[in-house]
Structures are given as structure tokens and as C-alpha cells.
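The values are calculated or read from the model by the stated rules, or taken from the named source; none is laboratory data. The shown structure was predicted, so the numbers you read here are calculated from the model rather than taken from an experiment. Glycine also receives a Cβ, built like all others from the backbone with ideal geometry; neighbour counts cover every protein chain displayed. Note: areas computed on protein heavy atoms with side chains; ligands, DNA, RNA excluded. Shrake-Rupley method; radii C 1.70, N 1.55, O 1.52, S 1.80 Å.
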Amino acid sequence: MQKGNIGVTTENIFPVIKKFLYSDHEIFLREMVSNAVDATQKLKTLSERGEVKGELGDLTIHISIDKDQGTLTVSDRGIGMTAEEIDKYINQIAFSGVNDFLDKYKDNANAIIGHFGLGFYSAFMVSDKVEIVTRSYRDDAVPVKWSCDGSPAYEIVETEKSDRGTDIILHLAEDCKEFLEKDKVEGLLNKYCKFMAVPIAFGKKTEWKDGKQVDTDEDNIINDSEPMWAKTPSSLTDEDYKEFYRKLYPMQDEPLFWIHLNVDYPFNLTGILYFPRVQSNIDLQRNKIQLYCNQVFVTDQVEGIVPEFLTLLHGVIDSPDIPLNVSRSYLQSDANVKKISTYITKKVADRLNGIFKDDRKDYESKWDDLKIFINYGMLSQEDFYDRAKDFALLKDTEGKYYTYEEYRTLIKDNQTDKDDTLVYLYANNVEDQYSYIEGAKAKGYSVLLMDGDLDTPMVSMLEQKLEKSRFTRVDSDIIDHLIVKEDKKESALSDEETDNLSQAFRSQLPTMEKTNFYVEVQALGEDAQPVVLTQSEYMRRMKDISRFQSGMGFYGQMPDSYSMVLNSDHPLVKRVLADEEAACGEALKPVKAEIKGLEARLAVLRQEQGKKKPEEVTQEEKDELAATQRQVGEQNDKKKEIIGGFAKDYDVIHQLIDLALLQNGMLKGAALSAFLKRSVEMIK
């Protein structure tokens, strides 16, 4: 019998394991099974070299639980260990610098387990006592039993064991009895071990018999030791890839397509990445890519290995060259990681480009699902934009697809403004913006459909990338102003007529929360709409961007601003002006005369006071100026009251305003009901 203390300052090691790794304590089972797999594979290697004679027999690893004894056991038939090997690999952790390291990282021990190969010691996260019963593959090997209760003391004794291999027996702590539950253990095995390279059995397969599930004699193998990504792509069919996807994600729709990664220089990497179908742009689920190291599950937090935009993909990546710590759970910063990230980006771009060139029709049919990935990539990664710009597509409101260059060629002759800027018109809702789209089409313009969550930042990026180009939403201005090809036509109305007409409509505009309306008069031609409601492209875009970009939240809090443009050339608007003049002309005459006189007096007062220094202006003069300004305001209020009185009972104004609101989906509730009732009355 041998007794002693483990060769490290264990009053440091065990508290570190208990404290710093407890949040991730379920990894102990992965470590135990992974060690068993390593021992089994080493035996296979020795056999291939002829150092182990005879048949190896069944190499299945067995996991078992004993609730009565409170133990969980992992058993293998691998190479086993001698007492000397236990002493070397288990007891002697006292290599150079380990105690200094433990002391240095006692408050942040994230690297200890993986860095020093202490995976076995993760057993003490859940155990009061750990036993190793082992027998080496060597013919003359003596079976031994090692035990330790989580203190510096251990014990090694000779024991009975007829077969080679190792049993790790964990006497679970009182607060870790959950790991004696079959469902819990099965869940962990499925999470961490389902693709390990050696068959792993947990319990027996069951069958339905006499009205209940009963155990059979057949082992329940929980893993697939030859996963898809480890096979050569040429040996696999499309159905194989789809079946593997269903195994990984049972409740997901069929993927769009996949990329099989297989590289052995300058690093080792295998894997399969799937492009999932995205139901909507906001229906994004990250952390669906599983990272493995030699078929051992590590994490689904793959940021840093996979470019950020590709974390939206699903699938698996397996690489022994990715540096890991904390029992394979946390990534270190390393040049290899950057190389792998660059490789994956290039591989994805090459695959997309290949599909685009080989079968464009199929690629276009998948574009609406692919768009979120590709746009996100171009927005977040400069080099991906350079790769993707040739196979990224734009879709118009008629459902046709174009590359950036194709679309530029299509619109350059008809959609270039007087400043030689190419104008890309777009809509984000075909139904809501139907009349604006039709107005643009009537001009021979093409309108893009940009209805995705990322399209607002995409528009801003493309304006920077595409030479002398700007994007304008089709409802952001009247059609003649979207692409200005000549100087604006002047209205034939006088300033007074323009002001009176504007005031009539302004007085009847609805009050809406966080919404401002402005009225302007323009000459749009007799065939154009009488009243058009537009929204500023700049402000609307800033509000949209504020949803994505921190620091711009103040835009999101600002009210929506709309311009109601009155077409002074339209017969209906001319009729409103004529009727207003007829109804209000006489009442407005004395008011206008009074305003004219007061404004003249105001101009004289300002001119006189402007010749003096501020301190030379008397209080009497200041009071006279303020009184005159107040009188002008009072007369203007009278003018507004007279015009508002006319407009209040003038159905044509209300109808034109409501039509403009209705066109923009802004007429609802009582206002919509009143509009319908008025419409019926006007038809009678």
C-alpha cells in the first residue's frame, strides 16, 4: 500500500476547482468520458503498432449509476495504468511553476484546468471521494486502486480486477445527487459526448412489453462515433446532410444548403455549416454552431472562431488546433483562431459564389432567406463585402433580382438627376406604398423592395460604397422631386394666396401623438395628386438606424415629421382656394389692412431702434414695439380664426386631408369612420 500527498499545494488546487469551476461543474462528466476515450484510442494505436497482441474485444465505454451507493462510474477497456503511472499522471502535479501559477491566478483561475491538463480533477467539483480502479494492458500488470477524498491525502492499494482498463468511481457530494438521476446523466452525455470516437453505453435499450417500457439485454449506445463531418464529402448524399441536420436540430425546417469544411493545412479543421431558413429578420438564433475538439463537445459560444455574421449559421466545427482552456471550455486569443475565422469566411463566400454561378435561378429562390446572412456580413466585415458584392442581390417590387452592377446598368439612363447622381428608389412595403410605387413606375422608374431589418443600415453603407449614388424611399417626396432633372417649377399663386391656402389645411390637420405635420404649396401639374403626404428621408432613416446603433437613441425619441404638399395646379386645390376667397374675402379685408398697417409700423419701430445702442432704447420704446408685435399676433389669430371657420365646415378640405392620411395608413378609428360617412354623403 502507498500513501502520500498529491504533489501540489492542494489546499490551493481543490478550492480553486470547487469555487471557480462550480458554475460549469457539469463538465466533469465530459472530462471523465473523454479520458476514457483517450485511453481506448491509445490502446488501438498500440495494437496497430503490434505492441498489444490478440483481439482487443469490445471497447465500449460504460457509464453507470448506483443510487444506493451514491456513485457514478465511468468504465473503459483501454490501456489502464500501473501504480507507477498513477503516481506519475495523477499524483505528481508538482511540475515547475504550478504553485506560483495557482497563487497568481487564485482570483481568476480560468486557465488552470485546461492549461495544466487537470481534467481528471474536475471530478472533485461534484465528489466527496474519487476512486480509480485500474489494470494496465501489460501482461504482468498488477491491478491497483487509488482513492482520494479531496484533501492532500491519497491512497494506492493492490486490488482485484480481471480485465484491463479503468473504472473511475465518483462518490457524489450531497449537493450533487442530481447526477444520480438517469435523465440528467443522459442529457449531459447527449450534450457533451454524442460524437465521441468510441462507443459509449449508458444503461440498456428498452422495449414496450406488458404495458410498460422494460430493459433489454442490448447496450444503449448514446453516441455516433463516426459523425458526418469526419467523413469525406464525396461519400455523402444530400439526404445524408439533411438527416444529420435533423439529428442536430430536430424541430428546425430543412436548411437552404450547407458547406462541408475540410482542411489540414496550415491548421486542422473539419465541420459542416448549414444556412437555416430564417422566418423573419428578427427571428435570429445565435449559438447554434457547436464546437468540438477531436469529437468532444466544447462549447456553442463560437464568437472569435466563427466571424460574427456567421454565428447565425447552424452546424458543427471540429478542430484540435483551436487553443482551449478551462477544461476545453474557454477560448484563448491566438493567431490560429484568426486564420480559422478567415478561412471560414473565404469558404462561405466561395460556396455562395459557386451556387450563384452554377444555378442562379435556385440561388434567387433562396435569396430572401440568404439576404440576412449576406447583408450582415457585408455590414460587419469589410473583406466580406469585397467578396460578396458580386453575388449579393437587389430585389425590385416586381420580384426580379439583380446584382449591384446589373441594377446600376438598368437605371443609370433614367434615374440620374441633374447633378449626375444615380438615384435608387425603394419601398419597404408594397401594399402601404402602392400609389407611390405606381407613380414612380409611371415615370419609367424602377423601385427596389427593401423590407428587411438590416436594409436601413445597408442603404447607408451602399451610398458610401456605390459611386455618386443615393437611396431615396419612394414616399419621401413628391415624384417629381425624387429625381430632380430640372429646376423646380414655380407656383403661380401669390404669397398671400399660398399663405391662405396653407392655413386652411393647417387648421384642420389632426393631432397625433409624436407626429408633426407641415404644409407647403407646390406646382406639381394638373395630372398629379391634389394632396401628397411625404416623410423626410433623412429623419426617417435616422430613426430607423437608432434602433440598431447605440448613441443615436435621441433620434428614436423625436416625433415623426410629415409634409403635406398641396398641388396648386390641381383643379380641386384651385377650387378650394376660390371657395375660400369667396367665403372669407370680405371678412379678411379689414384684418389684412390692419395687419399691413401694423407690420409697416413694426418695421419703422425696428428701424429706429436699430440705429441706437441697446442701452439707449427707452422702456417706452420697448413697450411700444412689444405692443405692436402683440397686435400683429392678435390680427393673425383673427385671420386664422376666419379661415379655420371656413375650413371646419368645408368637406373638400377634410376629404383631401383624409385621403392623404389614408394613403399612408394613418387614418384610423373615429377619423376613418368620419371619412367613410362623409364620402357617402358627398357621393349622394
Subject >> Values of log10 I(q)/I(0), in the order q = 0.10, 0.12 Å⁻¹, for the range 343-460 under a Debye, Cα-only, solvent-free model >> reply: -0.33, -0.47
Subject >> For the chain, share of DSSP beta bridges that run antiparallel, in % to the nearest 5 >> reply: 75
Original post:
Roughly what angle does helix 335-358 make with the longest principal axis of the chain, taking Cα atoms, 0 to 90 degrees, to the nearest 10?
Top reply: 60
Subject >> Positive-end residue, the chain charge dipole about Cα centroid, Cβ charges, pick of Thr498, Ala671, Ala647 >> reply: Thr498
Original post:
With a Cα-only, solvent-free Debye model of the range 574-676, what are the log10 I(q)/I(0) values at q = 0.20 Å⁻¹?
Top reply: -0.98
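List the trypsin sites (Lys or Arg not before Pro) within the range 610-667 that DSSP assigns to loop and that have no more than 13 neighbouring Cβ atoms inside 10 Å.
Sparse-neighbourhood loop trypsin sites (Lys or Arg not before Pro): Lys611, Lys612.
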**OP:** Could you tell me whether the range 493-650 comes out rounded, prolate or oblate from its Cα gyration tensor? Rule is a ≥ b ≥ c as square roots of the eigenvalues, rounded for a/c under 1.5, then prolate if a/b exceeds b/c, otherwise oblate.
**Re:** oblate
Original post:
So how much accessible area does Phe517 have, in Å² to the nearest 10, using a 1.4 Å probe?
Top reply: 30
**OP:** Please work out, to two decimal places, the log10 of the ratio I(q)/I(0) at q = 0.28, 0.34, 0.35 Å⁻¹ from a Debye calculation in which every Cα of the range 617-658 carries one identical scatterer.
**Re:** -0.87, -1.00, -1.02
**OP:** Enter the Cα centre distance for the pair the range 379-448 and the range 335-374, rounded to the nearest angstrom.
**Re:** 22
**OP:** Provide the net charge surrounding Thr270, with neighbours chosen by a C-beta distance below 10 Å and charges set as Lys +1, Arg +1, Asp -1, Glu -1.
**Re:** -1
**OP:** With everything on Cα atoms, drop me the angle between helix 27-48 and the longest principal axis of the chain, reported from 0 to 90° to the nearest 10.
**Re:** 50
**OP:** Calculate, axis by axis, the spread of Cα positions in the range 160-229 along the three principal axes, and write the results as whole Å, longest axis first.
**Re:** 38, 38, 31
**OP:** Evaluate the Kirkwood expression for the hydrodynamic radius of the chain, namely the inverse of the mean inverse distance over all pairs of different C-alpha atoms, and round to one decimal in Å.
**Re:** 32.5
Original post:
222 nm [θ] for the chain, helices only, -39500 (n - 2.57) per DSSP H run of 4+, per residue, to 500?
Top reply: -13000 deg cm²/dmol
Original post:
Tilt of helix 455-465 relative to the longest C-alpha principal axis of the chain, in degrees (0 to 90, nearest 10)?
Top reply: 80
Original post:
Taking the range 433-520 on its own, what percent of its Cα-Cα pair distances exceed 18 Å?
Top reply: 65
Original post:
Per the 1.4 Å probe, what fraction of the accessible area of the chain, in percent, lies on carbon and sulfur atoms?
Top reply: 46
**OP:** Among Gly399, Thr345, Leu598, flag the residue with its Cα farthest along the positive direction of the charge dipole of the chain, charges on Cβ as +1 for Lys/Arg and -1 for Asp/Glu.
**Re:** Leu598
